[in-house]
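Novice: Sharing a structure with you now.
The values are calculated or read from the model by the stated rules, or taken from the named source; none is laboratory data. Given the structure is predicted, the values throughout are model-derived calculations rather than measurements. Neighbour counts are summed over all protein chains in view; Cβ atoms, including those assigned to glycine, are modelled from backbone coordinates with ideal geometry.
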Amino acid sequence: MQLIIGGAFQGKKEYVKTMQGFEEKEMTDGADASYEDIFSCGCLYHFHEWIRARLLEGRDLDDLEKELSVRNPDIVLVSNELGYGVVPVDAFDRKYREAVGRICTRMAAAAKRVVRVTCGIGTVIKDA
Amino acid sequence: MITLVTGGSGSGKSAYAEDVLTGFGSCERIYIATMYPFDEESKKRVERHRRMRAEKNFTTIECYTGLKHVQVPKGACVLLECMSNLTANEMFQEDGAKERTVEAVLEGIEALDAQAAELVIVTNEIFSDGIEYEEETRRYQKYLGEINRETARRACQVTEVVYGIPLTYKNRTEKTDRTGEISDETE
């Protein structure tokens, strides 16, 4: 598993295309993907949106990294890095922001490689 | 010695800070909690952190305002968590320092640093969402930004935790070389 993170509009998808040779049609948009879709795609971007949709469905994601490691161990996940702002006033916004943090922390621990993209430049912060 | 640990929400800052502190070995461990448990959500948060610290032999001291009055045993290893709560408390609680918030927090850090052998401070990155907040919230960001910068200046180590991965931007630790001389190493 690989995890590509960074702020919005930093060139994370471009980075995946250039560095990993993915084409647009091979990449799945997490914003419209179902729970099952994550287990059959090569690269899922907007992973944070995918998490948000699962929270709204009330789905438990406690074993996600274990399930991915069995069913789709080579997946490339692309997520916005959230949580660098003032604590949101809305309770669901707070829950969402924290869930993305906790889940990405677990994904980062399971991933063999984590890259943080800023201004289109990828910095490898984990390469196990 | 001060170690400053920063990061976004849910990034694993607390877990990393606890690892740093327990890494100092067997010393008296003090945890200074600053989050005022005003509702169910914050009570749960406190509970979660308590569970994480269980069995690590921390003595918890609660401090919502007036950090400089906190006394810890000489030579203790202290974990102070976190600056964003302490700053908000000083600004908005009745007995807080109000417009003297930055000074009050920094005086507190100085007083603790003088007593403790090791002081690990957890803070928060709340500066990058691009939302234009009202005056009061902007002032909160300004105060915390000043506190973070000033604390980083005094710290020997400054680390940002990104989804559990520590990125160390400053590391100045005293190391004794073979001749027994103390050299100041910066990397």
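Novice: Out of curiosity, is A:T105 polar (S, T, N, Q) and more than 7 Å from chain B (Cβ to nearest Cβ)?
Specialist: Working: polar (S, T, N, Q): yes; more than 7 Å from chain B (Cβ to nearest Cβ): no.
When the stated conditions are applied, A:T105 does not pass them.
Novice: Can you list the strands (runs of 3 or more DSSP E) found entirely within region B:73-187 that contain at least 2 residues being at pLDDT 95 or above?
Specialist: Answer list for region B:73-187: B:77-81, B:118-122, B:157-162, B:165-176.
Novice: Scanning for something farther than 27 Å from B:E135 by Cα, of a type in the set (F, W, Y) and in contact (Cβ under 8 Å) with a residue 12 or more places away in the chain, does region B:21-35 turn up at least one residue?
Specialist: Yes, there is a match, as at least one residue in region B:21-35 is farther than 27 Å from B:E135 by Cα, of a type in the set (F, W, Y) and in contact (Cβ under 8 Å) with a residue 12 or more places away in the chain.
Novice: Tally the residues that are without any contact (Cβ under 8 Å) to a residue 60 or more places away in the chain and in contact with a Lys or Arg (Cβ under 9 Å, 6 or more places away or on another chain), restricting the search to region A:67-84.
Specialist: Residues flagged as without any contact (Cβ under 8 Å) to a residue 60 or more places away in the chain and in contact with a Lys or Arg (Cβ under 9 Å, 6 or more places away or on another chain) within region A:67-84 amount to 2.
Novice: A follow-up question, please. Looking at region B:40-57, is at least one residue touching a Pro at 6+ places or on another chain (Cβ under 9 Å) and surrounded by 22 or more Cβ atoms within 10 Å (Cβ to Cβ)?
Specialist: Scanning region B:40-57, I find no residue that is touching a Pro at 6+ places or on another chain (Cβ under 9 Å) and surrounded by 22 or more Cβ atoms within 10 Å (Cβ to Cβ), so the answer is no.
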